[in-house]
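The values are calculated or read from the model by the stated rules, or taken from the named source; none is laboratory data. All of these numbers come straight from a predicted model, not from anything done at the bench. Cβ: placed from backbone, ideal geometry, glycine included. Neighbour counts: every protein chain shown.
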Ligand code: PLP
Ligand code: COI
């Protein structure tokens, strides 16, 4: 194991590791890529990724199981989503084999940084693609880099499974037919100021409403939103301007597997009384229970501001149990890095 790391107190910050995977697209095809023992990239100052935001990324984790195995969660779904994001901003698709190989090699090369089982830590994996090479006009880059770097992480929201307080923002992170469904940097640039306004008021994050009518919940910062209705159904917003969270799709399936009704549907901001529990979900956020949601100065408390609701707790245990290899995986989601 890597030395000088306090595995039990990792936050969500960058920790330098042994190296990263880099592949290059040039003249219409990808090379096979390789590990480089560095965490710096040298790119042309006129690269489209630096000027025009021609870049996309993914967020994944490697988990250390009790028996020491290194596990990924649904990596092929991240591969598919990355190619969909790439297509939206005129970048080449990444073949699934190259994507999974890059992720596996980055994890293997940095195996000593995968936090020990039982610490709650994981190895965060950041695959990304950037447009590089000399260019001035607003057009696609002549070359692209596919990079996978990693960093050990702990909880994304302070306190992990403790309920968070969130607040709606009057701003939008994405337009109705914009790039909200793609995991591209521009969406995150658009979110930084809004997050800072929420944080200044003491909230963990902000809630985006649908950009067309501002009446329906879309996302919670860099995570999807879900709620449990008073009659026990799992609901989560459906919209063309939110990112299709792999965690959210997994929770939809898990909830059905547990015998619950589960569906994507509209969640109106003025009908929060319909819900018994609420949460944010994502790779970084895992499942973060939402204690309260403030809108137009009115605070709505879901289950409790201090306690986690029973359904949220059950879903968390099932999801993380499968991800860590503690529970049987009837869905075929877990992928071992050999
Ligand atoms: N929504 C946004 C905007 C995100 O950045 C993320 C993180 O990836 C998610 C939702 C959650 O998606 P996933 O569960 O695939 O990590
Ligand atoms: C993730 O959950 O992996 C994300 O990408 C969220 C964020 C840290 C950008």
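Which residues, counting only those in the stretch 219-234, are surrounded by fewer than 23 Cβ atoms within 10 Å (Cβ to Cβ) and within 19 Å of the chain's Cα centre (by Cα)?
The one that is surrounded by fewer than 23 Cβ atoms within 10 Å (Cβ to Cβ) and within 19 Å of the chain's Cα centre (by Cα): 222.
Does residue 305 count as touching a strand residue (DSSP E or B) at 6+ places or on another chain (Cβ under 6 Å), part of a loop (DSSP other than H, G, I, E, B) and modelled with pLDDT of 95 or more? Write out each step before concluding.
On the way: touching a strand residue (DSSP E or B) at 6+ places or on another chain (Cβ under 6 Å): yes; part of a loop (DSSP other than H, G, I, E, B): yes; modelled with pLDDT of 95 or more: yes.
Against the criterion (touching a strand residue (DSSP E or B) at 6+ places or on another chain (Cβ under 6 Å), part of a loop (DSSP other than H, G, I, E, B) and modelled with pLDDT of 95 or more), residue 305 qualifies.
Among the candidates 41, 70, 50, single out the residue that is under 15 Å from residue 125 (Cβ atoms), more than 16 Å from ligand 2 (Cβ to nearest atom) and assigned by TED's automatic domain parsing to the domain that holds residue 96. Break it down stepwise before answering.
On the way: 41 fails: under 15 Å from residue 125 (Cβ atoms); 50 fails: under 15 Å from residue 125 (Cβ atoms).
Within the list 41, 70, 50, the selection yields 70.
I want to confirm something. Restricting to the stretch 254-286 and keeping residues that are under 19 Å from the mean Cα position of the chain (by Cα) and under 18 Å from residue 310 (Cα atoms), which single residue is farthest from ligand 1 (Cβ to nearest atom)? Don't jump to the end; show me each part of the working.
Residues of the stretch 254-286 that are under 19 Å from the mean Cα position of the chain (by Cα), as a first pass: 254, 264, 278-286.
Right, trim to under 18 Å from residue 310 (Cα atoms) and you get 254, 278-281, 286.
Working: 254: 13, 278: 15, 279: 12, 280: 9, 281: 6, 286: 9 Å.
This residue is 278.
Filter the stretch 79-108 for residues that are under 21 Å from residue 39 (Cβ atoms) and crowded, with 19+ Cβ neighbours inside 10 Å and give the result. Steps first, answer last, please.
Taking the stretch 79-108 and keeping what is under 21 Å from residue 39 (Cβ atoms), we get 82, 94, 98-99, 101-108.
Matches in the stretch 79-108: 82, 94, 98, 99, 102, 103, 104, 106, 107.
Which number in (1) surrounded by 20 or more Cβ atoms within 10 Å (Cβ to Cβ); (2) closer than 25 Å to residue 59 by Cα; (3) in contact with a helix residue (DSSP H, G or I) (Cβ under 9 Å, 6 or more places away or on another chain) marks the one condition that residue 244 misses?
Condition not satisfied by residue 244: (1).
Pairs needed: first member in the stretch 236-254, within 18 Å of residue 78 (Cα to Cα) and modelled with pLDDT under 95; second member anywhere, in a strand (DSSP E or B) and within 13 Å of ligand 2 (Cβ to nearest atom); C-beta distance under 7 Å; at least 6 residues apart or different chains.
That search, which allows pairs on different chains as well, returns nothing.
Would you tally the residues in the stretch 73-100 being within 15 Å of residue 180 (Cα to Cα) and within 16 Å of ligand 2 (Cβ to nearest atom)?
So the answer is 5.
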